[in-house]
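Note sheet for the following structure.
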Amino acid sequence: MAEGFDIHLNEDQARRLKAVAEAAGLDPTAFAIQTLEGVIGDIGIAGVSEYPASWVSEDAERWAEYERTGVTVPLEDALRDFHDNLARRLAEKR
């Protein structure tokens, strides 16, 4: 049997998880598991997830832009965008 592990959230992470889960009408644990399943996807034989072409394309474009300009996105902005997009995608699944 495969071994699992616990994921520990700090107070702010737990608060945000609870808020997003409640907005989606789910228990925070169920929401976290559903979210992880959506991100992890099916693991291929090589142990690497298959990513949608749009993600790969976007990554390549962002990397090229960084190499051209040297400008990065502040972590806070990237995390805010990530959480906003995650909430939107989960809302679309309902």
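Here is how the numbers come out for the structure above:
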{"item": "Residues being surrounded by 11 or more Cβ atoms within 10 Å (Cβ to Cβ) and either assigned to a helix (DSSP H, G or I) or touching a residue at least 24 places away in the same chain (Cβ under 8 Å) (or both) - total across segment 58-77", "result": "5"}
{"item": "Meets criteria (at pLDDT 90 or above, in a helix (DSSP H, G or I) and surrounded by 10 or more Cβ atoms within 10 Å (Cβ to Cβ)) for R80", "result": "yes"}
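The values are calculated or read from the model by the stated rules, or taken from the named source; none is laboratory data. Computed from a predicted structure; not experimentally measured. Methodologically, a virtual Cβ is constructed for each residue, glycine included, from the backbone with ideal geometry; neighbour enumeration extends over all protein chains shown.
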